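The values are calculated or read from the model by the stated rules, or taken from the named source; none is laboratory data. Everything numeric here is computed off the predicted structure, so don't read it as measured data. Here the Cβ positions follow ideal geometry from the backbone for every residue, glycine too, while neighbour counts run over all protein chains shown. Surface accessibility is based on the protein's heavy atoms, side chains included, excluding ligands, DNA and RNA. Shrake-Rupley method; radii C 1.70, N 1.55, O 1.52, S 1.80 Å.
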Amino acid sequence: IAKKANDHHTGLTRILTLRRDLLKGVSHEPLLVVGPRKLKFFLEAYQRLEDLDMHFFDCKHTTEASLHAFEGVTETNKDHSFLGSPTRSRMQSYWKRPGSPVDNNVVFPILKSLQKVLEEASLEALMSFPVIHCPQAFGVVLRALERLNSVGKVIPGWKIVYSGDTRPCPELTEASRGATVLIHEATFEDGMVDEAIARNHSTTKEAIEVGNSAGVFRIILTHFSQRYPKIPVFDETHMHKTCIGFDMMSINIADFPELPKILPYLKLLFRNEMIIDESDEVVDAAASVAS
């Protein structure tokens, strides 16, 4: 899932080509890549150089409104025939609004493929929602199905929300309602609100406030300024349900309750890290101009 198209995407082609090479001679289906339309243009241009062995699906089709439109078609037309359906008329009316795609005969089969992938991964849903950063910036929600453990006890499904780069916004708060984990960017420290607003990013405090207002269980802060190589500056007053994320970090769902207890040890581990020059802000500013 690639949710941002103006930067942070160039490594995707490397992943896709490595997957393609590893699966040579093995029966498989192309990988389904979900992302904003600008990413599609980039990947299609790259595919002129070499095959990426993938199908692309615009994440506009995985917003709540779009998915509800598709659900109506599925319930009304079990054979997936859209002709003559009143639901189809409503759906096409929705999609014919400015900037919306209209070719549901192309979109629907890919959506069915996505649903199949989710089912195989024991996921109930993948949904996108718009956020405030660059044009066509989205966050994503993943919901897992409830399941039975080895003794027959029902284990509730979890819900994970990933903000991407964004300012705090109602869409993000609403998408995060009751989430098990909110992974939220925290590019700027609390004293740099003006800079965060100017660059459409969030401060640490703002990220935590989004999670608290949405009633999430745990918050993982990510995407820190390059001034902080390992760990950002933060006010521990608001960190009772929060943890810091870093590269290659892996967390077992069973350990979510213990995440805030890790913070003092992370601060101790990285206490000697030096602050380096800021450079990601320049990249963000240049990317905003380019988009």
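Quick notes
- Placing unit charges on the Cβ atoms of the charged side chains and taking the dipole of region 123-290 about its Cα centre, the candidate lying farthest along the positive direction among 248, 178, 139 is 178.
- Solvent exposure of region 123-290 as accessible area per residue, Å², 1.4 Å probe: 52
- Separation of the residue 65 and residue 41 label points, Cα + 7 Å toward Cβ, nm: 2.2
- Percent accessible area from carbon and sulfur atoms, region 123-290, protein chains only, probe 1.4 Å: 57
- Rounded to the nearest 20 debye, the dipole size of region 126-177 about its Cα centre is 240 debye, using +1 on the Cβ of Lys and Arg and -1 on the Cβ of Asp and Glu.
- For region 109-246, the relative contact order comes to 18 percent (Cα pairs under 8 Å, sequence separation of at least 6).
- Label-point separation, residue 217 to residue 154 (7 Å along Cα→Cβ), nm: 1.6
- Cα shape, region 123-290, gyration tensor, a/c 1.5 rule: oblate
- Leading residue at positive end of dipole, region 123-290 (Cβ point charges), from 148, 213, 127: 148
- Two-site label geometry, residue 124 and residue 269: point separation in nm, points 7 Å out along Cα→Cβ: 3.3
- Pairs exceeding 29 Å between alpha-carbon atoms, taken from 153/241; 38/261; 40/116; 60/241; 205/261: 38/261; 60/241.
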